[in-house]
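Trainee: What follows is a single structure, and I will ask about it in a moment.
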Amino acid sequence: MKLVFAGTPEVAVPALDALLASGRHEVAAVVTRPDAPAGRGRRLVASPVAERAEEAGIEVLKPVRPKDPDFLERLREIGPDCCPVVAYGALLPRVALDVPAHGWVNLHFSLLPAWRGAAPVQHAVMAGDEITGATTFLIEEGLDSGPVYGTVTEEIRPTDTSGDLLTRLAFAGAGLLAATMDGIEDGTLKAVPQPAEGVSLAPKVNVEDARVDWRAPALRVDRVVRGCTPAPGAWTTFRGERLKIVQARPVPERTDLTPGQLSAGKNNVYVGTGSYAVELLWVQPQGKKPMRGADWARGVRIAAGETLGD
């Protein structure tokens, strides 16, 4: 088939690579978000997908909105049979969805209908799910509600951050998306409607969602820290300034600390929760680089009874 691939961030690059390497389909063009400011200089930078497409000599389309007439005209000129999508980052209007004969097929990083929305991996980790996966489905105008072509499953490991898990899903999902294109082309794969039961939503995780509530049980604190790593980053406050919690570890044997209470030793620093303590392995003070929790504690000289959070 002739394909137009839509995607933007680094997590979409493995899927584009898999389609380029398949040898069975032609990736005629790539659709991605416009260049965005990045870094201290805030200079405009192309998306990872745009950079990969340019390396491969593929036409890159960067519409401000997918309903822009110039973009739609070019899409019709290319005449794709199907448009595979991975984390494109913009809603596709009906007029665009109707262009390819086989529609737009999305690779979503959850086992639909669970975790429909922008942040499925983060929510799966924060919810304490043991199994997740990736799904290919035909895009409709609803939120991740279209019929499903295929799935792959992935175990969520006890120490997984959302970044760890998303990296594995990106590569597993790349193979699934390529296989889905093969199945659509040869007619062996038919989309099946999603079940009405088991729907859960995964909206974007914002900075306030990533604030640690030390009154919560240690397992919940651990899940929030892992689920919000690397972005937006779990955080708390210490002496009125923000402190990012980069890595923590539940310590069931420490039950002597109240929520938020700090206890620093020579090589460790612990903080109380609503159940037992967690050890702060890595933290990042405001305006500084990440550092080991014990090094931070020595530097700030924690006083008896000091706490994290309000």
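Trainee: What accessible area, in Å² to the nearest ten, does a 1.4 Å probe give for Met126?
Mentor: 20
Trainee: Quick one: with all protein chains in place, what share of the accessible area of segment 169-310 is carbon or sulfur, to the nearest percent (1.4 Å probe)?
Mentor: On the way: 3950 of 7510 Å².
The computed percentage sits at 53.
Trainee: Stokes-Einstein at 25 °C, 0.890 mPa s, Kirkwood radius from Cα pairs: D for segment 175-274 in µm² s⁻¹? Intermediate results must be reported in sequence, preceding the final value.
Mentor: Values: Rh = 17.0 Å.
The estimated diffusion coefficient comes to 145 µm²/s.
Trainee: Can I ask one more? Once ligands and nucleic acids are excluded and a 1.4 Å probe is used, how much of Glu130 is accessible, expressed in Å² to the nearest 10?
Mentor: 140
Trainee: Taking all protein chains in place and a 1.4 Å probe, what share, in percent, of the accessible surface of segment 1-147 do carbon and sulfur account for?
Mentor: Values: 3190 of 6370 Å².
Using a 1.4 Å probe with all protein chains present, segment 1-147 comes out at 50 percent carbon and sulfur.
Trainee: For segment 236-283, with equal point scatterers placed on the C-alpha atoms only and solvent neglected, what are the log10 I(q)/I(0) values from the Debye formula at q = 0.32 1/Å, to two decimals?
Mentor: -1.29
Trainee: Just to confirm, what accessible area per residue do you get for the chain at 1.4 Å probe, in whole Å²? Write down the numbers at each step before the final one.
Mentor: On the way: 14990 Å² over 310 residues.
About 48 Å² of surface per residue is accessible.
Trainee: With each pseudo-label sitting 7 Å past Cα toward Cβ, what's the Ala21-Val45 distance in nm, one decimal?
Mentor: 2.5
Trainee: Also, I was wondering about something else. Modelled label-to-label distance, Leu189 and Glu155, 7 Å Cα→beta-carbon offset: nm?
Mentor: Reported label-point gap for Leu189 and Glu155 is 2.6 nm.
Trainee: Rg/Rh for segment 85-207 to two decimals, with Rh computed the Kirkwood way over all alpha-carbon pairs. Before the final figure, lay out each step's value.
Mentor: Numbers: Rg = 14.2 Å, Rh = 14.8 Å.
A ratio of 0.96.
Trainee: Taking every pair of alpha-carbon atoms in segment 1-160, give the share separated by more than 27 Å as a whole percent. Mind dumping the intermediate values first?
Mentor: Working: 3281 of 12720 pairs.
Looking at segment 1-160, the distances longer than 27 Å represent 26 percent of pairs.
Trainee: Please list, by residue number, everything in segment 274-293 whose backbone N is under 18 Å from a paramagnetic label point 7 Å out along Cα→Cβ of Glu253.
Mentor: Answer for segment 274-293: 276-281.
Trainee: Kyte-Doolittle cut-off 0.5, length cut-off 27 Å along the helix's own axis using Cα: show which whole DSSP H helices in the chain pass.
Mentor: Details: long enough: 162-186 (35 Å, 0.60).
Helices meeting the span and hydropathy rule in the chain are 162-186.
Trainee: Across every pair of different alpha-carbon atoms, what Kirkwood hydrodynamic radius in Å does the chain reach? The partial results should precede the final answer.
Mentor: Values: mean 1/r = 0.0472 Å⁻¹.
Kirkwood hydrodynamic radius for the chain: 21.2 Å.
Trainee: Hey, which of these cross-link pairs are over 22 Å Cα-Cα: Lys62/Lys190; Lys2/Lys62; Lys204/Lys288; Lys2/Lys204; Lys244/Lys288?
Mentor: Working: Lys62/Lys190 31 Å; Lys2/Lys62 19 Å; Lys204/Lys288 26 Å; Lys2/Lys204 32 Å; Lys244/Lys288 10 Å.
Lys62/Lys190; Lys204/Lys288; Lys2/Lys204, as the Cα separations exceed 22 Å there.
Trainee: Taking H placed 1.01 Å from N in the peptide plane, check which residues at least 5 places from Ala6 or on another chain put their amide H under 5 Å from its amide H.
Mentor: It is Val31, Val85, Val86, by chain and number.
Trainee: Oh, and also: Go ahead and set up a Gaussian network model of the chain, Cα springs under 10 Å, then flag whichever of Ala297, Ala196, Ala234 fluctuates most.
Mentor: Among Ala297, Ala196, Ala234, the largest GNM mean-square fluctuation belongs to Ala196.
Trainee: Give me the net charge of Ala124's neighbourhood, meaning all other residues with Cβ under 13 Å from the Cβ of Ala124; Lys, Arg count +1, Asp, Glu -1. All intermediate terms of the calculation are to be shown ahead of the outcome.
Mentor: Values: positive: Arg116, Arg157, Arg168, Arg223, Arg226; negative: Asp129, Glu130, Glu154, Glu155, Asp160, Asp164.
Surrounding charge for Ala124 is -1.
The values are calculated or read from the model by the stated rules, or taken from the named source; none is laboratory data. Fair warning: this is a prediction, and the values are worked out from it, not measured in the lab. Note that we place each Cβ from the backbone using ideal geometry, even for glycine, and neighbour counts take in every protein chain shown. Accessible surface is based on the protein model in full, side chains and every heavy atom, while ligands, DNA and RNA are left aside. Shrake-Rupley method; radii C 1.70, N 1.55, O 1.52, S 1.80 Å.
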